[in-house]
Amino acid sequence: MKLYQFPVSHYSAKVHITLLEKGLKFEAPELSWAYLKSPEFLAINPMGKVPFLQDGDFGIGESEVIVEYLEERYPQPAMLPAGMEARARCRWLSRFHDMYLGPQLSTLYFALSDGRAAQPGFQVEVDRLHQLIAILEGQIAPAPFFLGQQFTLADASYAVSYLYIGKLSSAHGKPVATSAMPRLAAWFDAVKSRPSVAPVLAATEAALAQ
């Protein structure tokens, strides 16, 4: 099994954490941005994007699809809760990350280098991050994990993004205070040392430092 990914990618992190939670053996080769457009990579993944998982002869992209595939093919330990409503809530939280919070963090991340951050009116994008955090804060269980006692796909979605919330909101001059997201902050305290999460966070911090 091979995971094509970048340590700075919050989408890759969800897959990486899921693989570690399930105790699966895999390789995660170091990639360059140029490799994504190489004939070698495009031959297995025509979209030229990460994350991408190669499991034997089968390859699949898109983080949400990958983790659902892993859950079906390697069901233990389970990363989806047992109840129908809880499973729907788990999927909703994961998609909230991928469709709303994740893209907003990416907007703020790339704006630091492409000039958009200095343009008039860009502050609305920072305000939008605060709005999304407020929505998320109202959707998660008090503790320890997003849905209560079980660590799920929802939790795997947010670990690296939590780092970006702090770093990017501060970089754009409007930090998200812990007091504005007490449940999310308590959740991060509970998961940051988890064996599946700690190495992914460390790899992200190291990549950002470069």
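The values are calculated or read from the model by the stated rules, or taken from the named source; none is laboratory data. All of these numbers come straight from a predicted model, not from anything done at the bench. Note: ideal-geometry Cβ built from the backbone for every residue, glycine included; neighbour counts use all protein chains shown. In case anyone asks, the SASA skips ligands and DNA or RNA and just uses the protein heavy atoms, side chains included. Shrake-Rupley method; radii C 1.70, N 1.55, O 1.52, S 1.80 Å.
If you compute Cα extents along the principal axes in Å for the structure shown, which of (1) 65, 40, 32; (2) 48, 42, 27; (3) 53, 47, 30 do you land on?
Among (1) 65, 40, 32; (2) 48, 42, 27; (3) 53, 47, 30, the one calculated here is (2).
Between region 19-87 and region 154-210, what is the separation of their alpha carbon centroids in Å?
Cα centres, region 19-87 to region 154-210: 22 Å.
For residue 118 and residue 190 in the same chain, what is the full-extension length gain: residue separation times 0.36 nm, less their Cα-Cα distance, in nm?
In short, 22.3 nm is gained.
Counting DSSP beta bridges with both partners in the chain, what percentage is antiparallel, nearest 5?
In the chain, DSSP labels about 90 percent of beta bridges as antiparallel.
Please give the charge dipole size of the chain, origin at the Cα centre, charges +1 on K and R Cβ atoms and -1 on D and E Cβ atoms. Round to the nearest 20 debye.
So the magnitude is around 320 debye.
What is the spin-label model distance, in nm, from residue 106 to residue 149 if the labels are put 7 Å beyond Cα along the C-beta direction?
Here the modelled spin labels are 3.7 nm apart.
For the pairs 22/49; 22/167; 2/49; 49/192, note any where the Cα-Cα span goes beyond 18 Å.
From 22/49; 22/167; 2/49; 49/192, over 18 Å: 22/49; 22/167; 49/192.
Rounded, prolate or oblate: pick one for region 38-100, where a ≥ b ≥ c are the square roots of the eigenvalues of its C-alpha gyration tensor, a/c under 1.5 means rounded, and failing that, prolate if a/b is larger than b/c, else oblate.
Oblate, since a/c reaches 1.5 and b/c is not below a/b.
In square angstrom, what is the accessible area per residue of the chain with a 1.4 angstrom probe?
I get 49 Å² per residue for the chain.
How much of the accessible area of region 1-141, in percent, comes from carbon and sulfur atoms when a 1.4 Å probe is used?
Accessible surface attributable to carbon and sulfur in region 1-141 totals 57 percent.
Would you mind telling me the antiparallel percentage of the DSSP bridges in region 1-114, rounded to 5?
Antiparallel bridges make up about 90 percent of those DSSP assigns within region 1-114.
Can you give the helix-only mean residue ellipticity at 222 nm for the chain, where every DSSP H stretch with n ≥ 4 adds -39500 (n - 2.57) and the sum goes over all residues, rounded to the nearest 500 deg cm²/dmol?
-16500 deg cm²/dmol
Using a Gaussian network model of the chain whose springs link C-alpha atoms within less than 10 Å, name the residue from 113, 169, 157 with the highest mean-square fluctuation.
The residue with the greatest mean-square fluctuation here is 113.
If I require 24 Å or longer along the helix axis, counting alpha carbons, and a Kyte-Doolittle average no lower than 0.5, what helices from the chain are left? Use full DSSP H segments.
153-171
Given 151, 165, 96, which one lies farthest toward the positive end of the charge dipole of region 34-179, if we put +1 on the Cβ of every Lys and Arg and -1 on the Cβ of every Asp and Glu?
Result: 165.
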